[in-house]
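Notes follow the structure.
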Amino acid sequence: MILSGMEDEDKWLAEGIAGIQHNAFYMHRALDANNLRDALKCSALMLSELRTSKLSPHKYYDLYMRAFDELRKLEMFFKDESRHGVSIVDLYELVQHAGNILPRLYLLCTVGSVYIKSKEAPAKDALKDLVEMCRGVQNPIRGLFLRSYLAQVSRDKSPSLGSEYEGGEDTVMDTVEFVLQNFTEMNKLWVRMQHQGPVRIREKLEKERNELRDLVGKNLHVLSQIEGVNLELYRDTVLPRVLEQIVNCEDERAQYYLMDCIIQVFPDEYHLQTLETLLGAFPQLQPTVDIKTVLSRLMERLSNYAASSPDVLPEFLQVEAFAKLSSAIGKVIKAQVDMPIVGAVTLYVSLLTFTLHVHPERLDYVDQVLGACVKLLFGKPKLEGGRATKQIVALLSSPLEKYNDIVTALTLSNYPCIMDCLDDKTNKVMAMVIIQSIMKNNTCISTADKVEVLFELLKGLIKDLDGTAVDELDEEDFNEEQNSVARLIHMLYNDDSEEMLKIICTARKHIMAGGPTRLPFTVPPLTFSALRVVRKLQAHDGNVVGEEEEPATPKKIFQLLNEAICYPFYQTIEALSSVPSPELALRLYLQCAESANDCDLEPVAYDFFTKAFILYEEEVADSKAQVTAIHLIIGALQRMNVFGVENRDTLTHKATGVIALAYPVITYSAKLLKKPDQCRAVYTCSHLFWVDEKDGIKDGERALLCLKRALRIANAAQQMANAINGTSGPVTLFVEILNKYLYFFEKGNPQITSAAIQGLVELITDEMKSDSTPDPASDAFFASTIRYIQFQKQKGGVMGEKFGPIKM
């Protein structure tokens, strides 16, 4: 049925065009013959084709343009009085005798334009006469195109400032009055179209009506282009008349389009100086008008105007633009009770963007906008997905993008309240935006109060919200979020150690609420932040003054750590153990012990080692993890110098302490699941009793005991391999032990003799001879060790003499 209608329209359009062409042909013959009467007769017949009501606006426009082109030729004929021999005044009277009103008015407008150009009568009289007579056509489509033709032919003949038609009785005001009257009548015709046609095709008719909107809006563009329409004339005449027509028409489509036209075609300066009048019209519009889009465009234009030059900023303050816009938005939201949340939030986003452009220094304005949005959302369900949440994210992101400083956003009291209005997913997205802003701008959060506010904003990342379990989250997304939080912790810093401790304690309070799954990500950076304070104080030799002018020494800081951090860290690290992350917890204990060692605080270091041992015994069950943990403990314990002191009594005491720590390590080493792991751990323990740079820790006998015990374990491993595989297996363990013997031999351990090395070399040689399946790697390792011994023998000097007794 629709297809049939389109085919009918095409047929009617073709018939109309054919009629225009037919009559235009005879009109041209009459024009060539300078026959005025026949020219008027043929042109009237040609214009009668425009009387059709069968065409849609789009098809009618095609027909109109054919007639328009022919009328331009007729106008040229009318201008040349020598051709038709009739004065323009008589011609103006003559065309009014046309039979049908539509052709008559088209001809009248054509002659009228020539009449005005001749200046034989005041332009204002002719324009007033024409615009009044056009009321004779009340069909919306025919009337709109007729008045559009009138506006077109009179545009360059209207009195305006500096034009040839200004002067005498003709003024700019006459042109303004003409355009305003034509605009009013055209808008009435356009609005009337909404009531035509059956309901079943109302959507199609509305689409067709929308196609004609530019005919109406063009009048506003003409008004904006008239020379002489200054701010005063615009404020006192143009804007009130246009707004009156827009409000009174009570048509949703017309009100939206024309308000948008006003904003787009008139200068920004005019909008600023008439802001109160313009904004006063918005609450009077129909409730269904998309005011948010129009208002947003207005604020965008004003923002760009403010950015164009610093010289215009005082004008914004003078007219109190922010207060007026804020008040208008409130009134619009109140008037449009059915406005969706997304619409209202969009308005506040635009207002905030305007504020940040025009008044960036007024944080109270920014907070006021956020506060208004909070009131809007108060008591409503949390926003979940969709455009509304995107607008909230845009609202919260604007201050971050403008100031490039989260610290500024933290001073906005309503910022966290807006975050609370988001659903959990969007809350996390916004939290990630905040962290990314901090990292991008390298922003340092330097007080505990700011950290408190910041972590309140980030609570969607650092703890579960509304009972959302961690196992329900995507693992990759979760890891990315927690890594971001970990990076953020390194941005919490203050040069004042006392304040830094407060920062760490505040951060720890929030982090501990995150549950054991988050702790492996967040506890390590927090631990290292605390230890950074200790290192800084150690570098200053304790000569750092806090806020209360009391010296903050490493000892004092560790005391505070014990009270404020260490004890909670014990709990934290124990929580890590149950994640399970016991290996990570053990590493943190050892790191803390080393920092205590650097500060010469034996009890603290000893305490951390004790907890590391307990953690190893109770939580580290995996054999590979045990091997790694043992070597970590040995390495950390070897680096301890806090147990060595100057006087003998203390030396003895400290040595006892070292031995007390070392023996459990040896015991742990001997209990590893695999013999090779046992062997390597035990011979590594030998370094605990002989440390080169520490004179107080050179117990050669106990170092030798470790090596002998490692040999027994290696021998047991060989026997076990022989029993299982029928071969003794590689001699790698023996070669590794040989290298340890060589190390201590070079370092001067009196318990390690050349004879012992000689015996071990022979043992390895015998084992290799008895092995039916030699291992190339072990053979190469042993050969390299032999070459090293030979090199030392040939070296000469003290070392050559020392290695001399060893026979290869």
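Just so you know, all these numbers are worked out from the coordinates, no wet-lab data involved. Source: prediction; values computed, not measured. Note: ideal-geometry Cβ built from the backbone for every residue, glycine included; neighbour counts use all protein chains shown.
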Could you grab the relative contact order for region 168-276? Cα pairs under 8 Å, six or more apart, rounded to a whole percent.
34
For region 122-266, would you read off the P(r) tail past 21 Å as a percentage of all alpha carbon pairs?
43
If the viscosity is 1.567 mPa s and the temperature 4 °C, what translational diffusion coefficient in µm²/s does Stokes-Einstein give for region 230-334 when Rh comes from Kirkwood over Cα pairs?
93
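Considering Cα pairs under 8 angstrom that are at least six residues apart, work out the relative contact order of the chain and quote it in whole percent. Please report the intermediate quantities before stating the final value.
Working: 915 pairs, mean separation 35.0, N = 808.
Reported relative contact order: 4 percent.
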Cβ density ranking, 10 Å radius, fewest first, applied to 690, 12 yields 12, 690
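Could you quote the convex hull projected area for region 736-806, Cα atoms only and averaged over all directions, in nm²? Don't jump to the answer; show the numbers that get you there.
Values: hull surface 18.5 nm².
The orientation-averaged projected area of the Cα hull of region 736-806 comes to 4.6 nm².
Please identify the trypsin sites (Lys or Arg not before Pro) of region 753-808 that satisfy two criteria: DSSP loop assignment and at most 11 other Cβ atoms within 10 Å. Which are they? Don't skip to the answer; put the middle values down first.
Values: sites: 769, 787, 793, 795, 802, 807; in loops: 807.
Qualifying residues, ordered by number: 807.
Can you pull the Rg over Rh of region 55-113, Cα-only, Kirkwood?
Values: Rg = 13.0 Å, Rh = 12.4 Å.
When Rh is taken as the Kirkwood radius, the ratio is 1.04.
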State, to one decimal in nm, how far the label point of residue 304 lies from the label point of residue 628, with both points 7 Å from Cα in the Cβ direction.
5.8
Note down, for region 706-763, the three equivalent ellipsoid semi-axes (square root of 5 times each alpha carbon gyration tensor eigenvalue), biggest first, whole angstrom.
25, 10, 8
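For region 12-122, what number results from the quotient of the Cα radius of gyration and 2.2 N^0.38 Å? Walk me through the numbers on the way to the answer.
Values: Rg = 13.9 Å, N = 111, 2.2 N^0.38 = 13.2 Å.
Cα-based Rg divided by the globular estimate yields 1.05.
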Over the chain, equivalent-ellipsoid semi-axes from the Cα gyration tensor in Å:
96, 32, 23
Efficiency by 1/(1 + (r/R0)^6): what FRET value for residue 18 and residue 152, r their Cβ-Cβ distance, R0 = 30 Å, to the nearest 0.05?
0.75
Enumerate the calculated ³J(HN,Hα) couplings along region 102-111 in order (Karplus 6.51 cos²θ - 1.76 cosθ + 1.60, θ = phi - 60°), each rounded to whole Hz, writing x wherever the residue is Gly or Pro.
5, x, 4, 6, 4, 5, 5, 5, 5, 5
Quote the convex hull volume per residue of region 279-432, based on C-alpha atoms, as a whole number of Å³.
105
Select from region 20-50 those trypsin sites (Lys or Arg not before Pro) which occupy a DSSP coil region and have at most 10 other Cβ atoms within 10 Å, ordered by residue number.
none
Extreme residue, positive dipole direction of the chain, given options 522, 108, 126 (C-beta unit charges):
522
Other-chain or far-sequence residues with amide H under 5 Å of residue 690's (modelled H):
699
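Dipole magnitude of the chain about its Cα centre, charges +1 at Lys/Arg Cβ and -1 at Asp/Glu Cβ only, in debye to the nearest 20? Please list the in-between numbers first.
Working: 87 positive and 110 negative charges, 357 e Å.
It comes to approximately 1720 debye.
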